[in-house]
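This report refers to the structure that appears directly beneath it.
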Amino acid sequence: MTTGRKTVQELTIEPGTGKALELRRGQVLRIEQTSGRQCADFNCFNLHDYKEFFHTGRTRHLHGLHPTKGDFLWSAPPRERPMMAIIEDTVGTNDVLYPRCSAFLFEHHYGLAVHTNCHDIQAEAQREFGLTPDDVHDSFNFFMHTGVDAAGRPFIAKNTAKRGDYVELLALMDVLAIPNVCGADVMMTSDFELKPLKLTVFEGVDRDWSRISEPPRLKNQRSPSEFKVKNIKADRELYRDSSYRPEFTNVPLQISELEVNLTDDEIAWIQQLKSTGKYGESDAEVLRYVFFTWWIGKFMHGPKHAAST
Amino acid sequence: MTETTVRLRLNQQQLELIDNSIKAGESGSREELIRRALREFAAAHLVATGKTS
């Protein structure tokens, strides 16, 4: 669907390759299947400060293992800003659980010492902008169909993307976006065949912005101007700063006792909860567990991440 | 009716969260807020005994 959008760039990336694309805030990147069943790995950097980059962990925390339309691609702490928004996803099988495949993986698992792999493909594409193999980060895996079994083990399922399926990402800041054709041809990831992917960059329109929710803007989305060390370390050796004095937040943490007077009925509830063995060993531990669990359920913003009790 | 005192071990950050809830009008005191949590948690998680309200 391109109604009202101007096409800025259109290209196809072949198996074994990727491409670093400069996107300005408001532009849209579409990653499209040319024949189907192809995973696209993806890295993303702030175009003006490469130390801000996409973070699978925070994205997973906020949107779960399979982010899709309406979700954001977040940058790593302490920046923690939405870098891009998924505004369209015609398949809905994306993954932020698995790390990128690497040369090590194919050598270790398959005995293949020289093999296409997402880490090296990303590194080669990022080299166009002066980045090194150490700058490649864990990928957002578009069209990668995954799950977790009852024993907690992740698995890769058959790729269900069809020809013409696509995802669209709206840039919320100027970014370097790097999609690549996943290099894993001996895994289930892309149904044992590597296929080209079509990339299109559009100028976004008002309708694209209307498809995202307002992300939070908080004082703890920090920038380098707030860092105690503002410059990027430019040498490889680690050595101690003799002037260093620790300044940890809210330390020392001071414990105090809060007295709570409970009626017989209330004590009976605590005994009943304690007898389940799920909430704590002492009355105070049970009451503290109860309080914070209650507070999280009632007042906390965002996903609760609480086990059923 | 007798009363039993339970002493919760909390750090200053946890107390800050409690005090913020009080400032937001959720309760009149720290103790009252904790007891409200217990009451509502018990109502939701314990088999009804007719004594959770």
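Values quoted throughout were computed directly from the atomic coordinates according to the rules given, and no laboratory measurement underlies them. All values reported here derive from a predicted model rather than from experimental measurement. Neighbour counts are summed over all protein chains in view; Cβ atoms, including those assigned to glycine, are modelled from backbone coordinates with ideal geometry.
Of note:
- Note on segment A:6-224: dipole from Cβ charges, positive end direction compared against A:HIS109, A:PHE72, A:HIS119; the farthest Cα belongs to A:PHE72.
- Just so you know, the Rg over Rh for segment A:207-309 is 1.16, from Cα atoms, with Rh as the Kirkwood radius.
- Take the Cα of A:PHE129, go 7 Å toward its beta carbon, and the backbone nitrogen atoms of segment A:170-186 under 12 Å from that spot belong to A:173-179.
- Computed from the C-beta positions of B:LEU17 and A:TYR110, the FRET efficiency with R₀ = 56 Å rounds to 0.65.
- Sparse-neighbourhood loop sites, GluC sites (Glu not before Pro) in segment A:217-278 - DSSP loop, at most 11 other Cβ within 10 angstrom: A:GLU237, A:GLU247
- Counting only lysines at least 8 places from A:LYS158 when in the same chain, those with an alpha carbon closer than 23 Å to its own are A:LYS69, A:LYS195, A:LYS198.
- Separation in nanometres of the label points that stand 7 Å from Cα toward Cβ, at A:VAL186 and A:ALA150: 3.3 nm
- Binned Cα-Cα distances of segment A:60-130, short to long, each 10 Å bin given as a whole percent: 17, 31, 37, 15, 0
- Rg over Rh, two decimals, chain A (C-alpha only, Kirkwood Rh): 1.06
- Relative contact order [Cα under 8 Å, 6+ residues apart], segment A:94-244, whole percent: 19 percent
- Here's the list of lysines a cross-link from A:LYS219 could span, going by alpha-carbon distance under 17 Å and ignoring same-chain residues fewer than 8 apart: A:LYS228.
- Relative to the dominant Cα principal axis of chain A, helix A:264-275 is inclined by about 50°.
- For segment A:260-305, the share of alpha carbon pairs falling in successive 10 Å distance bins from zero is 27, 47, 23, 3 percent.
- Positive contributions from Lys and Arg (+1) and negative ones from Asp and Glu (-1), summed over other residues with Cβ under 11 Å from the Cβ of A:TYR166, come out at -1.
- Given +1 at the Cβ of Lys and Arg, -1 at the Cβ of Asp and Glu and no other charges, the dipole of segment A:1-154 around its Cα centre is 500 debye to the nearest 20.
- Along principal axes, Cα extents of segment A:103-185, largest first, whole Å: 40, 34, 27
- Using the Cβ-Cβ distance between B:THR5 and A:LYS158 with R0 set to 56 Å, the FRET efficiency works out to roughly 0.40.
- Sequence-distant residues sharing a close amide H with A:ASN94 (under 5 Å, placed H): A:PHE143
- Chain A - percent relative contact order, Cα under 8 Å, separation 6 or more: 29 percent
- Here the Karplus curve 6.51 cos²θ - 1.76 cosθ + 1.60, taken at θ = phi - 60°, turns the phi angles of segment A:244-259 into couplings of 5, 10, x, 9, 6, 5, 6, 9, x, 6, 9, 8, 10, 9, 9, 7 Hz, with x standing for Gly and Pro.
- Evaluated with a Cβ-only charge set (Lys, Arg +1; Asp, Glu -1), chain A carries a dipole of roughly 580 debye about its Cα centre, given to the nearest 20.
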